């Protein structure tokens, strides 16, 4: 059943993120920001550091964040995983990722005055409380406060998919010709 938010499930639970990981990531983001993550951010800045991108693990980053890497590899991570920071005053415009085969998880690493709106329904970020959403719904994020919004953002295979369906999607993605101008994750 299609819904903007998912409220529980084994893929949306984490017991803790250690202070060491949070500290190491903050230093990494401050020292080496990786662009704006390919979406329009109004005001402020959106930075990310990928652990998995386009279905492939970024081993150098995974080796740097062993605790997070071990956690993510215990999940059913599909196409991407990243640390994501929204600077204060940043607004990521309304968008959809068109990827109805995943559920997206935002795991806040620190408390910040930030809000995600999915399908017209809003949620505030709470430290350590995962937000699981269907990112095919139009969604946007705002960070109007004075503290950056730092999250571990990753997507897992949609809970309604069977192992055979996941295998088929992985097979199609692996076989996808890179010269084709249409990408199923980006839509028309």
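All of the numbers you see were taken from the coordinates with simple rules; none came from a lab. In this text the structure is predicted, and so the values were computed from the model without any measurement. Neighbour counts are summed over all protein chains in view; Cβ atoms, including those assigned to glycine, are modelled from backbone coordinates with ideal geometry.
If you rank 95, 158 by fewest surrounding Cβ atoms within 10 Å, what's the result?
95, 158
Could you calculate the FRET efficiency of residue 93 with residue 126 from 1/(1 + (r/R0)^6), where r is the beta carbon distance between them and R0 is 25 Å, rounded to 0.05?
0.60
Could I have the simple spin-label model distance between residue 165 and residue 45, label points 7 Å from Cα toward Cβ, reported in nm to one decimal?
4.1 nm
Among 46, 176, which comes first, second and so on when ranked by fewest other beta-carbon atoms within 10 Å?
Sorted ascending by nearby Cβ count, the order is 176, 46.
So, in nm, how far is label residue 113 from label residue 57 when the simple model puts each one 7 Å beyond its Cα toward the Cβ?
Between residue 113 and residue 57, the simple spin-label model gives 4.0 nm.
Cα centroid distance between region 68-93 and region 123-138, in Å?
If you average the Cα positions of each part, the centres end up 11 Å apart.
Give me 45, 79 ranked fewest to most by other Cβ atoms within 10 Å of their Cβ, as a rough exposure proxy.
Exposure proxy ranking, most exposed first: 45, 79.
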